[in-house]
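Down below is the structure, laid out as structure tokens.
The values are calculated or read from the model by the stated rules, or taken from the named source; none is laboratory data. Predicted model, so just to flag it, every value in this text is computed and none were measured. All Cβ positions, even for glycine, are placed from backbone atoms using ideal geometry, and neighbour counts span all protein chains on display. All accessible areas refer to the heavy atoms of the entire protein, side chains included, with ligands and DNA or RNA removed. Shrake-Rupley method; radii C 1.70, N 1.55, O 1.52, S 1.80 Å.
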Amino acid sequence: MITTQVTTQTVAETSTMIDGPAGQLELMVAEPHKEHSKAWGIVCHPHPLFGGTMHNKIVTTLVKTFQGMGANTIRFNFRGVMRSEGQFDNGEGELDDLLAVVDWILQQHPQQEIWLAGFSFGGYIAAKGATQIATTKLVTVAPPVQHFPMQNLPPIKCRWVLVQGDLDDVVPPKEVLEWAESRDPKPIILRFPEAGHYFHGLLAELRARITEALTG
């Protein structure tokens with residue numbers, strides 16, 4: 001495992017390489033609460049073939065959201081993105097990447113809760129992950145229900161917040177909201193009437209509303 005220290009506007013993060021299913025995975029790990037935290041929040045990035053990386057602004061906003069709620073955090077690059085090894089695997093291998101990250105952190109902190117979040121493609125991976133591992137909180141921002149088999153996901157039983165912009169021109173809002181309403185149990189749905197896919201100018205509101213929904 002190779003680590004280097006990086007400072008962000010939020011907290012100091014450690015750049016870490018771990019063994020993944022298809023080779024090394026690149027992580028950014030932050031422990032603002034260290035031993036006082038009861039949870040690790042893991043955030044998944046958008047589609048790798050369309051420029052998605054862990055440096056996406058919504059990803060970093062979700063990281064700050066979890067940190068503000070008392071969690072330590074991990075954001076990471078899926079296989080084939082930047083320093084992470086391997087090739088895009090249409091959501092199957094990327095789920096394995098997420099599970100490898102969860103396994104890595106639970107080996108060190110077995111009593112900690114796992115919180116998952118993801119934006120767009122990352123929302124699909126996080127939601128799928130929440131059906132396979134013990135997850136306490138889940139946030140999906142603009143999940144791509146029309147591109148991936150999200151209709152087939154088993155029930156998601158943790159506290160779950162789904163966020164959707166009404167002006168999204170990448171993920172059709174109508175399809176996302178219909179899918180969310182069809183779920184049993186349903187997520188907490190946060191609609192942003194003036195938001196497109198990337199929530200430009202609304203990141204502070206995004207953070208505040210997610211925090212309220214998860215803690216209220």
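A few notes on this one:
- Single residue of segment 171-216 satisfying the filter (assigned to a helix (DSSP H, G or I), in contact (Cβ under 8 Å) with a residue 40 or more places away in the chain and not basic (Lys, Arg)) that is farthest from Thr131 (Cα to Cα): Leu203
- Selection status of Val101, under 25 Å from Lys186 (Cβ atoms) and either modelled with pLDDT under 95 or in contact with a strand residue (DSSP E or B) (Cβ under 7 Å, 6 or more places away or on another chain) (or both): no
- Exactly one residue out of Trp179, Trp160 is closer than 22 Å to Ala39 by Cα, open to solvent by less than 30 Å² (accessible area, probe 1.4 Å) and of a type outside the set (A, V, I, L, M), and it is Trp160.
- Some residue of segment 58-80 being open to solvent by 60 Å² or more (accessible area, probe 1.4 Å) and in a loop (DSSP other than H, G, I, E, B): no
- Set side by side, the residues Gly118, Gly93, Gly123, Gly86 differ, and just one is part of a loop (DSSP other than H, G, I, E, B) and either open to solvent by less than 10 Å² (accessible area, probe 1.4 Å) or farther than 17 Å from Ile58 by Cβ (or both), which is Gly86.
- Hey, Glu26 over 18 Å from Leu138 (Cα atoms), in contact with a strand residue (DSSP E or B) (Cβ under 7 Å, 6 or more places away or on another chain) and free of Cβ contacts under 8 Å to residues at least 60 places away in the same chain or not: yes
- Pick from segment 96-115, criterion open to solvent by 50 Å² or more (accessible area, probe 1.4 Å) and assigned to a loop (DSSP other than H, G, I, E, B), ranking: nearest to Thr61 (Cα to Cα): His109
- Filtering segment 30-51 to residues that are part of a helix (DSSP H, G or I) and either within 19 Å of Asp103 (Cβ to Cβ) or open to solvent by 80 Å² or more (accessible area, probe 1.4 Å) (or both) leaves Lys34, Glu35, His36, Leu49, Phe50.
- Within segment 126-168, the set of residues being outside any strand (DSSP E or B) and among the aliphatic types (A, V, I, L, M) comprises Ala126, Ala127, Ala130, Ile133, Ala134, Ala142, Val145, Met150, Leu153, Ile156, Leu167.
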